[in-house]
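Remarks on the structure that follows.
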Amino acid sequence: MDIELLRTFLEVSRTRHFGQAAEALHVTQAAVSARIKTLENLLGVRLFDRLKRDIRLTPEGNRLEYYANLLIAQWRKARQDVGTGGTTAQLAVGGSLRLWDILLQDWLHQVRRAQPDMAVIAEMHSPEVLTRRLLDGVLDLAFMLEPAQLDVLDIRPVAKLRLQLVADRAGLSVEQALGAGYLMVDWGLGHALTHRRLFPDAPEPLVRLGTARMALSHMHSLGGAAYLPESAVQAELAEGRFHRVVDAPVIEHTAYAVFPVRSHRIELIDPLLELFDGM
């Protein structure tokens, strides 16, 4: 199997357009069509329904997407493991979108300082995708807030997130901060339930954001209030650009490291998780 056939398939699937896929892959449209035809012949199925103004995956094409992504990820991991000279080890690590900016980026820097010769693959995905990639063997280690409780996965707490309600204006009450300018950051289902329990009478937020970075950018540009980690707003609080909502309760969540119980990289993972103690 030529890995480029799978790359081409995924690009056509992403763009739903042979011409755009050709531009992204820096090949001709005829080459893209030929690769898809070759792949279809190899598998003995039709992967796309070619309509006049649209290209849609067939049921067979939908099923192939999962395996194509898996094979390409495994190939990338194998190529780095085998072909990168001078490395002492390799680690494929993933983290949820919620954790990279506020926790994992600094940890990754610590890892690179502690293991400068180690080959690293780092990815961001939803918790569901991270879990699947752990089970498929694509990832060695993942970080998330609400890991799936599976017997085949080892789950270890590595950090506490202390979320504080902060606003761009001083002197706000909790009710005022949770008003029209409130930004609801998605910290997961547990956070949503805790938020509802603490503030049962709060109005429905007009703005919901997926990450702390999005909330910070919004507050810098347009103002507002949000529950954000202390570490993410230290500079703004010190400079007086943001202000704590004094009477608001602190909400704590735990970040977890997740890896296969029978991981053959456990001797590498253990000392790297200890780096969180010094952060």
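Across the options THR194, PHE242, GLY223, the greatest Cα extent toward the positive end of the charge dipole of the range 160-252 (unit charges at beta carbon of Lys, Arg, Asp, Glu) belongs to THR194. Local charge for GLY190 was computed over the other residues whose Cβ lies under 15 Å away, with Lys and Arg +1 and Asp and Glu -1, and equals +2.
Label separation (ARG241 vs LEU42): 5.0 nm, computed from points 7 Å beyond Cα along the C-beta direction.
Here the peptides 100-106, 138-144 are ranked by packing, the mean other Cβ count within 10 Å, and the order with the highest first is 138-144, 100-106. Note on the chain: with a GNM built from Cα contacts shorter than 10 Å, the maximum mean-square fluctuation among GLY137, GLY240, GLY224 falls on GLY240.
If you place +1 on the Cβ of every Lys and Arg and -1 on the Cβ of every Asp and Glu, how big does the dipole about the Cα centre of the chain come out, in debye to the nearest 20?
Working: 31 positive and 34 negative charges, 185 e Å.
It comes to approximately 880 debye.
Provide the gained length on full extension for the span ARG53 to VAL152, in nm with one decimal, where the gain is 0.36 nm per separating residue minus the Cα-Cα distance.
Details: separation 99, 0.36 × 99 = 35.64 nm, distance 4.58 nm.
Between ARG53 and VAL152, full extension yields an extra 31.1 nm.
With each label modelled as a point 7 angstrom along the Cα→C-beta vector, the LEU10-HIS109 pair spans 3.0 nm. Counted over the chain, the DSSP beta bridges are approximately 60% antiparallel. Close amide-amide hydrogen proximity is noted between LEU161 and HIS253, THR254, ALA255, each under 5 Å apart and 5 or more residues distant or on a separate chain (H modeled in the peptide plane; Pro and chain starts excluded).
Specify which labelled value, from (1) 6, 23, 24, 23, 18, 6, 1; (2) 6, 21, 22, 26, 19, 5, 1, 0; (3) 7, 32, 39, 20, 3, 0, agrees with P(r) over Cα pairs in 10 Å bins from 0, in percent derived from the coordinates of the model shown. Only one option fits the structure, namely (1). In this Cβ point-charge picture (+1 for Lys and Arg, -1 for Asp and Glu), the range 160-252 has a dipole of about 180 debye about its Cα centre.
A short reminder: the numbers here are calculations on the coordinates, not readings from a lab. Note that the structure is predicted; figures quoted are calculated from it, not measured. Cβ sites come from the backbone with ideal geometry, for glycine too, and all protein chains shown count toward neighbours.
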